[in-house]
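Laboratory data are not the source of any read-out in this text; all were calculated from the coordinates shown. These numbers come from a predicted model, not from an experiment. Neighbour counts are summed over all protein chains in view; Cβ atoms, including those assigned to glycine, are modelled from backbone coordinates with ideal geometry.
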Ligand SMILES: CC(C)(COP(=O)(O)OP(=O)(O)OC[C@H]1O[C@@H](n2cnc3c(N)ncnc32)[C@H](O)[C@@H]1OP(=O)(O)O)[C@@H](O)C(=O)NCCC(=O)NCCS
């Protein structure tokens, strides 16, 4: 069967009233599972601060249309209290009832992961069983089940959190109309600090045979004098060498830095 025509478009300030109406329907759905009430004016009081979505380039609002009719929305932000400044987070996500269980939500989510590669978190409040079932299934299929699914119960959140790295070249299955139709990044440049064969093998496996991957061994961290010098410089807020060369840091942990080379930069 042909997948339904799906249009996921970034919303602008002019779409604010539309998004506010859809947010009420979203809160109505979540409220049934989570026990929320409307105020005396019949409106759910939770006000999502939408202004930032048109003024802050770390926030993106998307409206979803199926066959030209509104079918949902997604709010995404870069920077998460459950990750770091480079982590994308799905702040809110909604598919209208008429369009549910047809793979629409999954296609939208996959398209956004592909569009915004790098580390991601998605989270569901305790009690939102539908949301949990959805995100586990979607993130599991997208990453080939390479994701963390953790319980968080502190001042930041009370519920489940899934953490993963979106690598379009590695997308685990190609559902119609999702990853397959999105242009692949030109290449992946990876900077490592130690020469470790096993690390290279793991990387190769993670990125899959389709991705173009280049590894740079950066030994400067092992030179104490230079490292001290670099730390001094970075404390002054200067971008690192790789950023100066036009690369974007999209993933970092102890031993691994992943930079994305954008466009046709040599
Ligand atoms: C959750 C929601 C976005 C799902 O949208 P959808 O378009 O119906 O989802 P899809 O059809 O793409 O589902 C993809 C997979 O997710 C899983 N899934 C979807 N809805 C589910 C549910 N209610 N319960 C458990 N698993 C679910 C299924 O595995 C499904 O694959 P399958 O149909 O092949 O079994 C939608 O129900 C919704 O907007 N709910 C209210 C708001 C909400 O909870 N948003 C998430 C906030 S964290």
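Go ahead and run the numbers for FRET between residue 158 and residue 97, Cβ-Cβ distance against an R0 of 30 Å, rounding to 0.05.
Once the sixth-power term is evaluated, E becomes 0.70.
Return the whole-Å distance between the Cα centroid of the stretch 121-169 and the Cα centroid of the stretch 15-33.
Centre-to-centre (Cα) distance: 21 Å.
Go ahead and run the numbers for FRET between residue 214 and residue 116, Cβ-Cβ distance against an R0 of 22 Å, rounding to 0.05.
Using R0 = 22 Å, I get an efficiency of 0.50.
Neighbour counts of other C-beta atoms within 10 Å: give me 60, 145 arranged from fewest to most.
Placing the least packed residue first, the sequence is 145, 60.
Taking a ≥ b ≥ c as the square roots of the Cα gyration tensor eigenvalues, with a/c under 1.5 meaning rounded and otherwise prolate when a/b beats b/c, else oblate, which class fits the stretch 1-45?
In terms of gyration-tensor shape, oblate.
How would the stretch 6-166 be classified by its alpha-carbon gyration tensor: rounded, prolate or oblate, with rounded meaning a/c under 1.5 and the a/b versus b/c comparison settling the rest?
Rounded.
Taking Cα pairs under 8 Å and at least six residues apart, what relative contact order does the stretch 6-166 come out at, in percent?
18
So how do 37-48, 76-87 stack up, highest first, on mean other-Cβ count within 10 Å?
Output ranking for 37-48, 76-87: 76-87, 37-48.
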